[in-house]
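Colleague: Please see the structure below; I have some questions.
The values are calculated or read from the model by the stated rules, or taken from the named source; none is laboratory data. It should be emphasised that the depicted structure is a prediction, and the values quoted were computed from it without experimental measurement. In this analysis, Cβ positions are derived from the backbone assuming ideal geometry, glycine residues included, and neighbour counts consider all displayed protein chains. Just so you know, the surface numbers come from the protein's heavy atoms only, side chains and all, with ligands and any DNA or RNA stripped out. Shrake-Rupley method; radii C 1.70, N 1.55, O 1.52, S 1.80 Å.
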Amino acid sequence: MLQVDRRKLMKYIEEVSFAMDDLVLFLDTHPKDQRALNYYDKLRVLRQQAVDSYTDNFGPITFRDVKNCDYWAWVKEPWPWEVEG
């Protein structure tokens with residue numbers, strides 16, 4: 001089984017999220033640009049896969065990422081921002 005590095009995965013999520021934010025600004029002024037729309041969709045999928053991997057291995061990043069309906073995992077320690085950097 002491949003070991004997942006928590007810090008690297010969080011950094012990747014932040015990088016993809018930043019790229020999506022930047023691309024949204026472009027799409028605000030170019031809403032029909034098909035290449036940009038396709039790239040946004042690609043980034044959206046990559047980000048969701050990374051968030052799913054993080055959540056599966058380390059717990060939710062935000063309350064929106066809680067997957068277990070038997071236990072409210074959002075209160076599980078440590079909080080994502082409390083992890084040593």
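Colleague: On the full set of protein chains, 1.4 Å probe, figure out the accessible area of Glu82 and give it in Å² to the nearest 10.
Modeller: The accessible area comes out at roughly 100 Å².
Colleague: Which order do Ile13, Ile61 take by accessible area at a 1.4 Å probe, largest first?
Modeller: Values: Ile13 5, Ile61 30 Å².
From most exposed to least exposed: Ile61, Ile13.
Colleague: Using packing as a proxy for protection, rank 36-43, 25-32, 50-57 so that the peptide with the highest average count of other Cβ atoms within 10 Å comes first. All intermediate terms of the calculation are to be shown ahead of the outcome.
Modeller: On the way: 36-43: 13.9, 25-32: 10.2, 50-57: 15.5.
Put in order of decreasing packing, that is 50-57, 36-43, 25-32.
Colleague: Hey, which aspartates and glutamates would be in cross-link range of Lys67, C-alpha to C-alpha under 19 Å, not counting anything within fewer than 8 residues on its own chain?
Modeller: Within the straight-line limit of under 19 Å, Lys67 reaches these aspartates and glutamates: Asp52, Asp56, Glu77.
Colleague: A further question follows. What shape does the stretch 1-45 have by the C-alpha gyration tensor, where a ≥ b ≥ c are the square roots of the eigenvalues, rounded means a/c under 1.5, and otherwise prolate means a/b greater than b/c and oblate the rest? Mind dumping the intermediate values first?
Modeller: On the way: a/c = 6.49, a/b = 2.44, b/c = 2.66.
Oblate, since a/c reaches 1.5 and b/c is not below a/b.
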